[in-house]
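Notes follow the structure.
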Amino acid sequence: MRKLVLAISMLAFAGSVAFADPIQDRRALMKERGKLAGQLSKVVKGEEDFDAAAVLTTLKALQANAEKFDAEKLFPAGTDQGDTTAAPKIWEDMAGFKAAEDKFLANTKEAVASPPGDVDGLKAQLNTLGGDCGACHQSYRVKKG
């Protein structure tokens, strides 16, 4: 009986993973990205002290987040409908969309490879990364309200 319950549970879990909701998955990934950028922003604004080790840890987490981004899995055909702010341009210009994400990943990797030594260095990196985010949102995101 115990083995049967375990087997059924494993099948249910496997089924839920197989039917993951791409809209929810991409929303969670972007929410995490925003939280990480917000942590860095607090340092730039002087709300938190600059700690090189903590900044590098956050930059590495941001890189790991960017490496999880898979446009085909997160934005498959048909996920332009429903509760989403993804602009139709994503599916019209998937190559451009991927290029924007590739640029963000490259800039994130560069920030990790050359971590900032002070707040001014972090500010410059955050301006670059924030610019990547802003450019992508301007082209590929529908503004709410």
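Checking the stated criteria, residue 11 turns out not to satisfy the condition of being at pLDDT 95 or above and assigned to a helix (DSSP H, G or I).
Condition test on residue 117, is it modelled with pLDDT under 95 and either surrounded by 16 or more Cβ atoms within 10 Å (Cβ to Cβ) or small (Gly, Ala, Ser) (or both)? Against the criterion (modelled with pLDDT under 95 and either surrounded by 16 or more Cβ atoms within 10 Å (Cβ to Cβ) or small (Gly, Ala, Ser) (or both)), residue 117 does not qualify. On the stretch given as the stretch 114-140, residues that are touching a helix residue (DSSP H, G or I) at 6+ places or on another chain (Cβ under 7 Å) and part of a loop (DSSP other than H, G, I, E, B) total 3. Within the stretch 85-100, the residues that satisfy the criterion of being of a type in the set (Gly, Ala, Ser) and in a helix (DSSP H, G or I) are 95, 96, 99, 100. Of 96, 82, 117, all but one fail to be in contact (Cβ under 8 Å) with a residue 12 or more places away in the chain and on the phi > 0 side of the Ramachandran plot; the exception is 82.
Yes/no per residue for (1) buried (at least 16 other Cβ atoms within 10 Å of the Cβ); (2) part of a loop (DSSP other than H, G, I, E, B); (3) in contact with an Asp or Glu (Cβ under 6 Å, 6 or more places away or on another chain):
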position: 40; (1), (2), (3): yes, no, no
position: 49; (1), (2), (3): no, yes, no
position: 59; (1), (2), (3): yes, no, no
position: 65; (1), (2), (3): yes, no, yes
position: 76; (1), (2), (3): no, yes, no
position: 80; (1), (2), (3): yes, yes, no
position: 102; (1), (2), (3): no, no, no
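The condition (being at pLDDT below 95 and within 19 Å of the chain's Cα centre (by Cα)) is satisfied by just one residue among 83, 102: 83.
A single entry from 51, 118, 80 fulfils the requirement of being in contact with a strand residue (DSSP E or B) (Cβ under 9 Å, 6 or more places away or on another chain), of a type in the set (Asp, Glu) and over 19 Å from residue 34 (Cα atoms): 80. When you check residue 124 against the structure, is it more than 16 Å from the chain's Cα centre (by Cα) and closer than 25 Å to residue 57 by Cβ, yes or no? Taking the combined requirement at face value, the residue satisfies it.
The values are calculated or read from the model by the stated rules, or taken from the named source; none is laboratory data. Values in this document were obtained by computation on a predicted structure and should not be read as measured data. When we count neighbours, we look across all protein chains shown, and the Cβ atoms used for this are built from the backbone with ideal geometry, even at glycine.
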